[in-house]
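Peer 1: If you scroll down you'll find the structure; I have some questions about it.
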Amino acid sequence: MSRIAYNQNRILQDYYQQMGCKLLKFLTGIIATILLSQASHASIIELEIVFDDYASDISWKVTNIPDNLILYSSPLYSNSISNTTVVESFDLAAGSYFFEIFDSYGDGLCCNEGNGSYLLRQDAINLYTSNGQFNSGEKIEFSVSSVPVPAAFWLFGSAIGLFGLIRRNA
């Protein structure tokens, strides 16, 4: 092999090796972003409320255990949304929580003044379902599970395998 051909071949090998390193850094950055975004929150929790005839009587809050800090609370509901369904969403990390719902009139969501109810769900799985018969209020404890990390580990393994293949060919 001539010296010129050898130098050109070596330049190409160096180029591919550098590109492999850049690709690995790029993929590692993407994977780290995915992992950090998944670690920062566990899941979206949905609260679905079917109001009775007096939506303005209803309020609720979500507190963490053991600190009992209010993390989320209801807006002021208007009677204009009575007999409708509202879905509220909030983001909670993995852990244990209290959900409290209140009826200022004291008749719950069902059955004297309409047929209301509510439920809490995580990722389309019901955590708690209520028939709305709770008088002045109800307090439940629920847990949020971690969201499985998506294919980040597979991507990371693929990037490392690609890097090894590039280095072997260099």
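Peer 1: With a sphere of radius 10 Å drawn around the Cβ of Asn79, what net charge do the other residues whose Cβ falls strictly inside it have (Lys, Arg +1; Asp, Glu -1)?
Peer 2: Counting the neighbours of Asn79, the net charge comes to -2.
Peer 1: Grab the other residues whose beta carbon is less than 10 angstrom from that of Gly137, score K and R as +1, D and E as -1, and report the net.
Peer 2: -2
Peer 1: What's the local net charge at Leu119, with K and R +1, D and E -1, over the other residues with C-beta under 10 Å away? Could you put the intermediate results ahead of the total?
Peer 2: Numbers: positive: Arg121; negative: Glu46, Glu48.
Here the charged neighbours net out to -1.
Read the figures in this text as sums done on the coordinates, not as results from a lab. It should be emphasised that the depicted structure is a prediction, and the values quoted were computed from it without experimental measurement. Heads up, the Cβs are rebuilt from the backbone with ideal geometry, glycines too, and the neighbour counts pull from every protein chain shown.
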